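Asker: Take this structure, written in structure tokens, and hold onto it; I'll ask about it next.
The values are calculated or read from the model by the stated rules, or taken from the named source; none is laboratory data. Note that this is a predicted model, so its numbers are computed, not measured. All Cβ positions, even for glycine, are placed from backbone atoms using ideal geometry, and neighbour counts span all protein chains on display.
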Amino acid sequence: MNTIKSIKQSNFLINRRYEAFVFLIGFFGFFGYLGHTMGITNLLNTIMNTAWDLLMNTVFFIMGITVLSGALGKLMIEFGVVRLLEVFLAPLMRPIFRLPGVASLAGLMTFFSDNPAIISLSNDKSFSKYFKKYELISLTNFGTAFGMGLIVLTFMSSFGYFGPAMIGFFGAIIGAVVSTRLMQKMIKPLFSEDEVLQIEEDSSNISFKSKGGAFLRFLNSILDGGKSGVDLGLQIIPGVLIISTVVMIITFGPKDPSVGYQGLAYEGVPVLPKIAGWVSWLFDGLFGFKYPELVAFPITSLGAVGAALSLVKEFINQGIITGNEIAVFTAMGMCWSGYLSTHTAMLDTLKFRHLTSKALISHTIGGIVAGSVAHYIYVLLNIWFNI
């Protein structure tokens, strides 16, 4: 017995050493190539300057939006607006998404906050009792498609692109339909038709009970909602500073090609555009992207939509973005909203982590459909109305 245990431990240590060896090769190979091209000093200065500029000029801008949208969302919950919207949206759930009417509450909650709101709702027995097992599991795809929706719409509209942002919102809805129904089709054969998911109720459920007078409830709502917005703003800092910095370093070239690298913010080696350029016809056909650099947004949205939003300002500064790109970014940013980092946790909470691959595949397809729909609707409306 001890021999078997020692063999397993030895194999584990060997695997860990191989893993460390592979990591070091990848790490030094990646940054060694960047340092060789840019110069080590310029690379380090660019990393620090980019992270600093993202923190000061992007993160706090997004945090301002999350605080305001958090307060607005809390007000709508406190004074029954969300419940009222649920009444109007509930009849659409079954024919469009193949979900019970109460699922509309999940979409609204994630739209006004973020993906994890689904977990609190799913763990509420008074909510989950309306779902069959495969329906409740597919709720992870449905809710994720609207995650941070209000923040994304507000952010895009702040640059004067309200119309394209609303087109993107419609595209995200279509993407949600595709993702949710595809997920249901993939997992439905695994469960009996009437099987209901048994869960343990969570004490952190979202409460709709109101206490105190109207003024006190109003004051508490905006303060609590604003506080949740601050928390969300703080949560996106690592994603924005780390993911966006790396993505930008492999997306943009030197600020002034005639001078070369100067260690300025947003400089880098344009590896990603070169790779995207090999299939530029595909991105042009699907999303209408005329510049390969734009692929950075949907790729970043896979991990964190907050980080993806930080790319928009630089795209605007470089003049490579139009209403079409805003529509596509809004659709894909909302629909994907960092699902690679949230689907596993959400399904793990429901004790169905083994279905993560199916959720990821269906949601990837849904996001691509969302961006394509937004692109072609924008093109048609631009032809008809010159928006």
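Asker: Could you tell me whether any residue of segment 122-138 is within 24 Å of Thr344 (Cβ to Cβ), crowded, with 22+ Cβ neighbours inside 10 Å and touching a Gly at 6+ places or on another chain (Cβ under 7 Å)?
Answerer: Within segment 122-138 (the criterion being within 24 Å of Thr344 (Cβ to Cβ), crowded, with 22+ Cβ neighbours inside 10 Å and touching a Gly at 6+ places or on another chain (Cβ under 7 Å)), the answer is no, since none of the residues qualifies.
Asker: Could you give every pair whose Cβ atoms fall below 6 Å, whose first residue belongs to segment 60-81 and is surrounded by 19 or more Cβ atoms within 10 Å (Cβ to Cβ), and whose second residue is assigned to a helix (DSSP H, G or I) and of a type in the set (D, E, K, R), counting only separations of at least 6 or pairs across chains?
Answerer: Correct list of pairs: Lys74/Asp224; Glu78/Arg217.
Asker: Right, Ala327: within 30 Å of Lys133 (Cβ to Cβ), among the aliphatic types (A, V, I, L, M) and touching a helix residue (DSSP H, G or I) at 6+ places or on another chain (Cβ under 9 Å) or not? Step through it out loud before you land on a result.
Answerer: Details: within 30 Å of Lys133 (Cβ to Cβ): no; among the aliphatic types (A, V, I, L, M): yes; touching a helix residue (DSSP H, G or I) at 6+ places or on another chain (Cβ under 9 Å): yes.
No, not satisfied.
Asker: Then there is this: Does segment 151-168 hold any residues that are hydrophobic (A, V, I, L, M, F, W, C) and either outside the structural domain of Ser372 (by TED's automatic domain parsing) or buried (at least 22 other Cβ atoms within 10 Å of the Cβ) (or both), and which are they?
Answerer: First, pick out the residues of segment 151-168 that are hydrophobic (A, V, I, L, M, F, W, C): 151-153, 155-156, 159, 162, 165-167.
Answer for segment 151-168, where residues must be hydrophobic (A, V, I, L, M, F, W, C) and either outside the structural domain of Ser372 (by TED's automatic domain parsing) or buried (at least 22 other Cβ atoms within 10 Å of the Cβ) (or both): Ile151, Val152, Leu153, Phe155, Met156, Ala165, Ile167.
Asker: How many of the residues making up segment 181-222 are surrounded by 12 or more Cβ atoms within 10 Å (Cβ to Cβ) and modelled with pLDDT of 75 or more?
Answerer: Counting residues in segment 181-222 that are surrounded by 12 or more Cβ atoms within 10 Å (Cβ to Cβ) and modelled with pLDDT of 75 or more gives 16.
Asker: Need pairs with beta-carbon distance below 6 Å; first residue in the same structural domain as Phe283 (by TED's automatic domain parsing) and within segment 296-319, second not in a helix (DSSP H, G or I); sequence gap 6+ or separate chains.
Answerer: From segment 296-319, the pairs are Ala296/Thr251; Gly303/Gly338; Ala304/Gly338; Val305/Met148; Val305/Ser337; Val305/Gly338; Glu314/Tyr266; Phe315/Ile321.
Asker: The conditions are (1) at pLDDT 80 or above; (2) hydrophobic (A, V, I, L, M, F, W, C); (3) surrounded by fewer than 20 Cβ atoms within 10 Å (Cβ to Cβ), and Ala103 fails exactly one of them. Which is it?
Answerer: (3)
Asker: Which ones in segment 33-59 are free of Cβ contacts under 8 Å to residues at least 24 places away in the same chain and either surrounded by fewer than 12 Cβ atoms within 10 Å (Cβ to Cβ) or under 26 Å from the mean Cα position of the chain (by Cα) (or both)?
Answerer: His36, Met48, Met56
Asker: Here's a follow-up. Can you pull out every residue in segment 355-367 that is surrounded by fewer than 20 Cβ atoms within 10 Å (Cβ to Cβ) and under 13 Å from Pro298 (Cα atoms)?
Answerer: Correct list: Thr364, Ile365.
Residue by residue, here is whether (1) under 30 Å from Lys185 (Cα atoms); (2) in a loop (DSSP other than H, G, I, E, B); (3) at pLDDT below 85; (4) not basic (Lys, Arg) holds:
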{"position": "Val259", "(1), (2), (3), (4)": "no, yes, no, yes"}
{"position": "Leu272", "(1), (2), (3), (4)": "no, no, no, yes"}
{"position": "Phe289", "(1), (2), (3), (4)": "no, yes, no, yes"}
{"position": "Leu294", "(1), (2), (3), (4)": "no, no, no, yes"}
{"position": "Gly303", "(1), (2), (3), (4)": "yes, yes, yes, yes"}
{"position": "Ile321", "(1), (2), (3), (4)": "no, yes, no, yes"}
{"position": "His343", "(1), (2), (3), (4)": "yes, no, yes, yes"}
{"position": "Asp348", "(1), (2), (3), (4)": "yes, no, yes, yes"}
{"position": "Gly366", "(1), (2), (3), (4)": "yes, no, no, yes"}
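Asker: Can you tell me which of Ser372, Ser337 is assigned by TED's automatic domain parsing to the domain that holds Ile249 and surrounded by fewer than 22 Cβ atoms within 10 Å (Cβ to Cβ)? Explain how you work it out, then say what you get.
Answerer: Numbers: Ser337 fails: surrounded by fewer than 22 Cβ atoms within 10 Å (Cβ to Cβ).
Sole residue among the options that is assigned by TED's automatic domain parsing to the domain that holds Ile249 and surrounded by fewer than 22 Cβ atoms within 10 Å (Cβ to Cβ): Ser372.
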